[in-house]
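The values are calculated or read from the model by the stated rules, or taken from the named source; none is laboratory data. It should be emphasised that the depicted structure is a prediction, and the values quoted were computed from it without experimental measurement. Methodologically, a virtual Cβ is constructed for each residue, glycine included, from the backbone with ideal geometry; neighbour enumeration extends over all protein chains shown. To get the accessible areas, we keep the full protein, side chains included, count just its heavy atoms, and leave off ligands, DNA and RNA. Shrake-Rupley method; radii C 1.70, N 1.55, O 1.52, S 1.80 Å.
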Amino acid sequence: MRVLVVEDEPKMAQLLKRGLVEEGHAVDVSASGEDALWMAGATAYDAIVLDVMLPDLDGFGVCRELRRREIWTPVLLLTARDAVEDRVQGLDTGADDYLVKPFSFSELLARLRALVRRAPGERPAVLEVGDLRLDPAARRAWRGDAELDLSAKEFALLEIFMRRPGETLTRVQLIDGAWDMAFESRSNVVDVYVRYLREKIDRPFGCHSLSTVRGVGYRLEAA
Ligand code: CA
């Protein structure tokens, strides 16, 4: 998934980014509330990790403004203290969940997965399309009984396809979902990774589940 991290402390921001990237997610970082509002409006993030303590507009303000602009991306608030008024204020401004610093990274990942699952549109814990199965929490995928050996990027791409089976996805949609802003979007990286993916999920099984839609993009066949 693609995640926006909003945190002004460089060390904490880099820690969050590195951990999420290691899990195969695409991560952008914003050090200010105002920038975060702009980025969240310009890109369809799957989730936003939002620190409450920011130099300009604080996390509560960012969250309130996101919802006022009808941006419904799930928000996980990071608060510095476990005070009731902070939690109440956070949830009242439209945050979906909160985590108190210091937290364990595995809990942050689990809460993000839960948030994305609860987001609009049915998002089951384990995705199934035909005899393909993908478990985002365990980071494992199978074709029938055979487990697939996928790199982090291949896994991220397959997850995007499996969340929208039968839909033709453009290269831009695929890039938005699996690569962050530092990425050069004019390159043919999507085509390259779709080819890798076919070599792992289709060819060994004699399947043709990933179709090329000429001039548009790619589609994972629904059945
Ligand atoms: Ca901060």
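Which one of TYR98, TYR196, CYS63 is farthest out on the positive end of the charge dipole of the chain, using unit charges on Cβ (Lys, Arg +1; Asp, Glu -1) and the Cα centre as origin?
TYR196
Averaging sequence separations of C-alpha pairs under 8 Å and six or more residues apart, then dividing by the length of the chain, give the relative contact order as a whole percent.
Over the chain, the number comes to 17 percent.
Tally up the carbon and sulfur contribution to the accessible surface of the chain as a whole percent, 1.4 Å probe, everything protein left in place. Provide the component values of the computation, followed by the final result.
Numbers: 5630 of 11160 Å².
Answer for the chain: carbon and sulfur cover 50 percent of the accessible area.
Which value at 222 nm does the chain reach when only helices count, each DSSP H run of 4 or more adding -39,500 (n - 2.57), with the total divided by all residues and rounded to the nearest 500 deg cm²/dmol?
Per the formula, -12000 deg cm²/dmol.
Could you provide, to the nearest whole Å², the per residue accessible area of the chain with probe 1.4 Å?
Heavy-atom accessible area per residue stands at 50 Å².
I'd like the Kirkwood hydrodynamic radius of the range 127-220, using the inverse of the mean 1/r over distinct C-alpha pairs, in Å. Kindly include the intermediate steps, with their values, before the conclusion.
Working: mean 1/r = 0.0744 Å⁻¹.
Result for the range 127-220 stands at 13.4 Å.
Using a Förster radius of 25 Å, what is the FRET efficiency between ALA137 and ALA223 based on their Cβ-Cβ separation? Nearest 0.05, please.
Rounded to the nearest 0.05, the efficiency is 0.50.
Can you sort ARG219, ARG2 by solvent-accessible area, 1.4 Å probe, largest first? Mind dumping the intermediate values first?
Working: ARG219 70, ARG2 10 Å².
Listed by decreasing accessible area, they come as ARG219, ARG2.
Taking only the Cα atoms of the chain, how large is their convex hull per residue, in Å³?
About 121 Å³ per residue, rounded to a whole number.
Less than 12 Å Cβ to Cβ from GLY144, Lys/Arg counted +1 and Asp/Glu -1: what total charge do the surrounding residues give?
With Lys, Arg at +1 and Asp, Glu at -1, the neighbours total -2.
When the chain is treated as a GNM, springs tying every alpha-carbon pair under 10 Å, which of VAL100, VAL75, VAL194 comes out with the largest mean-square fluctuation?
Evaluated over the chain, the most mobile residue of the options is VAL100.
With charges set only on the Cβ (+1 for Lys and Arg, -1 for Asp and Glu), what does the dipole of the range 59-193 come to about its Cα centre, in debye to the nearest 20?
Dipole size: approximately 280 debye.
How much length, in nm to one decimal, is gained on full extension between ARG195 and ASP56, taken as 0.36 nm per residue of separation minus their Cα-Cα distance?
Taking ARG195 through ASP56 to full extension adds about 45.6 nm, to one decimal.
Please work out how much length the chain gains when fully extended from LYS101 to ARG118, using 0.36 nm per residue of separation minus the C-alpha to C-alpha distance, in nm with one decimal.
Residue separation times 0.36 nm, minus the Cα-Cα distance, leaves 3.8 nm.
First measure r as the distance between the Cβ atoms of ARG203 and SER32, then evaluate 1/(1 + (r/R0)^6) with R0 = 45 Å and state the FRET efficiency to the nearest 0.05.
0.45
Mark the label point 7 Å from the Cα of LEU109 along Cα→Cβ and return the residues of the range 144-164 whose backbone N is within less than 13 Å of it.
Only 152 pass the distance filter.
Please say if the range 2-118 is rounded, prolate or oblate, where rounded means a/c under 1.5 for a ≥ b ≥ c the square roots of the C-alpha gyration tensor eigenvalues, and otherwise the choice is prolate for a/b larger than b/c and oblate otherwise? Write down the numbers at each step before the final one.
On the way: a/c = 1.25, a/b = 1.10, b/c = 1.14.
Rounded, since a/c falls under 1.5.
Could you tell me the number of lysine pairs in the chain with C-alpha atoms less than 17 Å from each other, where the two lysines are 8 or more residues apart or belong to different chains?
Lysine pairs satisfying the spacing and distance rule in the chain number 4.
What is the extension gain from MET12 to ARG164, computed as 0.36 nm multiplied by their sequence separation minus the C-alpha to C-alpha distance, in nm to one decimal?
In short, 51.4 nm is gained.
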